[in-house]
1. Among the residues of the stretch 178-203, what is the count of those that are loosely packed, with under 15 Cβ neighbours inside 10 Å and in a helix (DSSP H, G or I)?
2. Could you identify the single residue in VAL150, VAL129, VAL142 that is modelled with pLDDT of 95 or more, touching a Phe, Trp or Tyr at 6+ places or on another chain (Cβ under 8 Å) and not small (Gly, Ala, Ser)?
3. Taking GLN145 as the residue in question, decide whether it is in contact with a Lys or Arg (Cβ under 8 Å, 6 or more places away or on another chain), of a type outside the set (Phe, Trp, Tyr) and under 23 Å from ILE90 (Cα atoms).
4. For the stretch 154-167, which positions are in contact with a Lys or Arg (Cβ under 9 Å, 6 or more places away or on another chain) and closer than 11 Å to ASP207 by Cα?
5. What are the residues in the stretch 172-217 that are within 25 Å of the chain's Cα centre (by Cα), polar (S, T, N, Q) and at pLDDT 95 or above, if any?
6. Only one residue in ARG33, ARG41, ARG37 is among the basic types (Lys, Arg), surrounded by 17 or more Cβ atoms within 10 Å (Cβ to Cβ) and either more than 16 Å from the chain's Cα centre (by Cα) or over 16 Å from ILE198 (Cβ atoms) (or both), so which one is that?
7. Can you work out which of the residues in the stretch 1-30 that are out of contact with any helix residue (DSSP H, G or I) (no Cβ under 7 Å at 6 or more places or on another chain) and among the hydroxyl-bearing types (Ser, Thr, Tyr) is modelled with the highest pLDDT?
8. Within the group ARG33, ARG41, which residue is at pLDDT 95 or above and in contact with a Ser or Thr (Cβ under 6 Å, 6 or more places away or on another chain)?
Amino acid sequence: MVLNLRLFQKTSDLENKVDSFFLKLAEAGVIYRLAVRNYLREGLSEEYTTRFEQVCDIETSADTLRSEIKLAIYSDMLIPDSRGDVLGLIETADEVFSLMKTSLWAFSIETPSIDEELIPGYRRLTNMVAKAVDELATGARVFFQSPHLVSSYVAKVILYEKEADKLSTNLKKQIFSSEMELALKLHLREFVDRIDSIADHAEDVADRLTIYAIKRQS
C-alpha cells in the first residue's frame, strides 16, 4: 500500500495557488539572471529596465498569491495541522523575491561601473545564485505532493550556495587586489554581497523545507 502524503487532499484551489507561487519564484530567478547579465553586457539599458520591471511585476503577483493563501488557510480553516509550516515556507520564500528586486533596484539607481576583467566573476556568481533559487522553487513544489523527494533538491540548493560563497570570495579578492580607488572597491563589494545574499537566503529557506518535509513523513 502506497502512503498518500499529499498535503492538500480536498483543497485543489489552494494547492494550485501555492504551486503558482513557487513557479513565480523560479520565473523571477531566471529573469533576475537575465537582467544582471544584460547589465554586465550593456549597463543600464532599456532591456535591463524591462527585466527589472518584470521581476517587480512577478513579485507583486506573488504577494497577491501569498495573501490569498494566508486568507484561505485561516478563514476557511484549511490544513489546520500544517498551516504554520505552509505559511512559514511562503513567508520566508517571499524574502527571496525581495532580495532579487532590491538587488536589481540597486543596479538601476547606483549604476556601478564594473571593469571588464570583473564581469566573468559577476556572471558566474549570478548563474550560481539563479540555480539555487530554481532548485529551491522546485523542491518547495515537490514538498506539497512528495515530501520524501525534497532532500535531493535541498542538497542542490546547499551545493549551489557553497559555490556562490566561493565565487563571491574570489571576486572580492579580485576587486581588492586591483588598483581601483577604495570607494569603488567598496561599492563593487556591496553588489557582490547583494547577489550572494540571495543564495544565502535560499539556503535558509531550504533548511526550513527539510524540517517541514521530515515532519510530513513522521
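The values are calculated or read from the model by the stated rules, or taken from the named source; none is laboratory data. Since we're looking at a predicted model, the values are computed, not measured. No Cβ is skipped: glycine too gets one built from the backbone with ideal geometry, and neighbour counts run over all protein chains shown.
1. Total satisfying the criteria: 5.
2. Numbers: VAL150 fails: modelled with pLDDT of 95 or more; VAL142 fails: modelled with pLDDT of 95 or more.
The match here is VAL129.
3. When the stated conditions are applied, GLN145 passes them.
4. VAL157
5. Result: SER197, single match.
6. Values: ARG33 fails: either more than 16 Å from the chain's Cα centre (by Cα) or over 16 Å from ILE198 (Cβ atoms) (or both); ARG41 fails: surrounded by 17 or more Cβ atoms within 10 Å (Cβ to Cβ).
Answer to the selection: ARG37.
7. The selected residue is SER12.
8. None of the others qualify; the one that does is ARG33.
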